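Colleague: Sharing a structure below in structure tokens format, with a few things to ask.
The values are calculated or read from the model by the stated rules, or taken from the named source; none is laboratory data. Predicted model, so just to flag it, every value in this text is computed and none were measured. Backbone-built Cβ (ideal geometry, glycine too); neighbour counts: all protein chains shown.
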Ligand code: UTP
């Protein structure tokens with residue numbers, strides 16, 4: 001039981017990142033030196049995906065280009081003897097992996113984006129990864145952790161994490177019946193509840209393993225929160241028919257759809273980057289030491305660097 005197909009909805013407008021996302025894709029924003037979508041693709045491949053289905057929109061052609069072969073660039077790097085960089089470019093998509101691009105004509109919501117994947121997914125279980133939720137899965141990538149749960153239970157699995165009560169209105173929130181450590185069966189799921197109405201702080205994050213039943217349910221799903229067709233609403237219908245598990249993954253999630261989450265991810269991945277870690281740590285150390293200085297002096301010292 002392996003999930004062969006992974007869906008990447010990348011057709012959102014990315015309004016929280018305007019103007020950066022006016023003419024280019026949010027998912028192409030780099031975390032140090034790799035775009036968000038590449039981290040997501042690597043996570044899917046490491047969990048066994050062979051077919052990558054991208055749901056794209058306007059201003060997203062760079063995503064297609066990123067995973068395409070770049071003959072001129074490769075020839076140029078080869079002729080300049082830049083073997084290491086050539087390898088870096090060639091490794092973006094390992095052999096044997098297929099990419100499919102489907103256009104979502106209008107950004108009608110995440111649920112609608114997933115529905116657009118139906119012709120390519122067909123009648124098999126599949127995963128969905130939202131690239132703007134970057135997850136450092138510590139010992140094992142988040143989707144690979146979920147795949148283990150899927151192999152044991154053979155049902156839909158959704159990644160969740162606890163969020164502060166005041167943040168529940170930014171997420172799909174689930175109530176669960178415990179099944180095991182960090183694992184529960186979803187009894188109720190609500191998109192963006194008001195903090196006073198939420199009876200749980202267990203939030204859905206951007207990793208899903210779903211059965212194809214979701215497509216039929218999405219077809220019937222009306223516009224919900226924010227006027228969008230919400231995946232959460234279709235999952236709410238699915239729990240009436242099938243078991244859907246909520247899995248509290250091990251690791252750290254960076255909400256790279258928000259500017260603060262994006263900056264945090266860059267700092268933390270920078271501190272782990274083999275080429276940058278030492279120099280960056282030293283820089284941050286000096287910078288934060290400067291913060292303890294009086295304001296006037298601080299400006300002078302930081303400006304000198
Ligand atoms: P978000 O809720 O982050 O929306 O979508 P967004 O448009 O990307 O960003 P903001 O909120 O305007 O800043 C969650 C995921 O669903 C995809 C997005 O690309 C993102 O990966 N999505 C959303 C679609 O593919 N299509 C849609 O119609 C909406």
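Colleague: Looking at (1) more than 21 Å from the chain's Cα centre (by Cα); (2) surrounded by 20 or more Cβ atoms within 10 Å (Cβ to Cβ); (3) under 24 Å from residue 9 (Cβ atoms), find the lone condition where residue 193 falls short.
Modeller: Looking at each condition in turn, residue 193 falls short on (2).
Colleague: Let me ask something else. Condition check: part of a strand (DSSP E or B) and in contact with a strand residue (DSSP E or B) (Cβ under 9 Å, 6 or more places away or on another chain). Does residue 262 satisfy that?
Modeller: Against the criterion (part of a strand (DSSP E or B) and in contact with a strand residue (DSSP E or B) (Cβ under 9 Å, 6 or more places away or on another chain)), residue 262 does not qualify.
Colleague: Okay, next question. Hand me the list of strands (runs of 3 or more DSSP E) wholly inside the stretch 39-138 holding 3 or more residues that are away from the ligand (no atom under 14 Å from the Cβ) and more than 15 Å from the chain's Cα centre (by Cα).
Modeller: 98-103
Conditions tested, residue by residue: (1) surrounded by 14 or more Cβ atoms within 10 Å (Cβ to Cβ); (2) under 27 Å from residue 148 (Cβ atoms).
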{"site": "208", "(1), (2)": "yes, yes"}
{"site": "228", "(1), (2)": "yes, no"}
{"site": "241", "(1), (2)": "no, yes"}
{"site": "251", "(1), (2)": "yes, yes"}
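Colleague: Here's another thing I want to ask about it. Residue 143 fails exactly one of the following numbered conditions: (1) within 13 Å of the chain's Cα centre (by Cα); (2) not in a helix (DSSP H, G or I). What is the number of that condition?
Modeller: Only one criterion is unmet by residue 143, namely (2).
Colleague: Tell me which of these residue 167 doesn't satisfy, since it passes every other one: (1) at pLDDT below 95; (2) part of a loop (DSSP other than H, G, I, E, B); (3) within 15 Å of the ligand (Cβ to nearest atom).
Modeller: (2)
Colleague: Quick one: in the stretch 1-13, of everything that is in a loop (DSSP other than H, G, I, E, B) and either away from the ligand (no atom under 12 Å from the Cβ) or farther than 15 Å from residue 60 by Cα (or both), which residue is farthest from the chain's Cα centre (by Cα)?
Modeller: If we take residues in the stretch 1-13 being in a loop (DSSP other than H, G, I, E, B) and either away from the ligand (no atom under 12 Å from the Cβ) or farther than 15 Å from residue 60 by Cα (or both), then 1 is farthest from the chain's Cα centre (by Cα).
Colleague: In the stretch 6-27, how many residues are within 26 Å of residue 90 (Cβ to Cβ) and surrounded by fewer than 21 Cβ atoms within 10 Å (Cβ to Cβ)?
Modeller: Result for the stretch 6-27: 1.
Colleague: Give me the residue from the stretch 14-28 that is closer than 27 Å to residue 50 by Cα and assigned to a loop (DSSP other than H, G, I, E, B) and, out of that set, nearest to the ligand (Cβ to nearest atom).
Modeller: Result: 25.
Colleague: Given the residues 212, 195, which is the only one that is within 22 Å of residue 49 (Cβ to Cβ), more than 16 Å from the ligand (Cβ to nearest atom) and in contact with a helix residue (DSSP H, G or I) (Cβ under 7 Å, 6 or more places away or on another chain)?
Modeller: Just a single option satisfies the conditions, and that option is 212.
Colleague: I've got another one for you. Does at least one position in the stretch 114-126 carry a residue that is at pLDDT below 95 and within 25 Å of residue 261 (Cα to Cα)?
Modeller: The answer is no, given that none of the residues of the stretch 114-126 is at pLDDT below 95 and within 25 Å of residue 261 (Cα to Cα).
Colleague: Quick one: would you say residue 124 is more than 27 Å from residue 171 (Cβ to Cβ) and without any contact (Cβ under 8 Å) to a residue 24 or more places away in the chain?
Modeller: When the stated conditions are applied, residue 124 does not pass them.
Colleague: Another question about this same structure. How many residues are within 16 Å of the ligand (Cβ to nearest atom) and over 15 Å from the mean Cα position of the chain (by Cα) when one looks only at the stretch 29-38?
Modeller: Residues flagged as within 16 Å of the ligand (Cβ to nearest atom) and over 15 Å from the mean Cα position of the chain (by Cα) within the stretch 29-38 amount to 0.
Colleague: Does any residue of the stretch 106-128 turn out to be surrounded by 21 or more Cβ atoms within 10 Å (Cβ to Cβ) and closer than 17 Å to residue 39 by Cα?
Modeller: Scanning the stretch 106-128 turns up at least one residue that is surrounded by 21 or more Cβ atoms within 10 Å (Cβ to Cβ) and closer than 17 Å to residue 39 by Cα.
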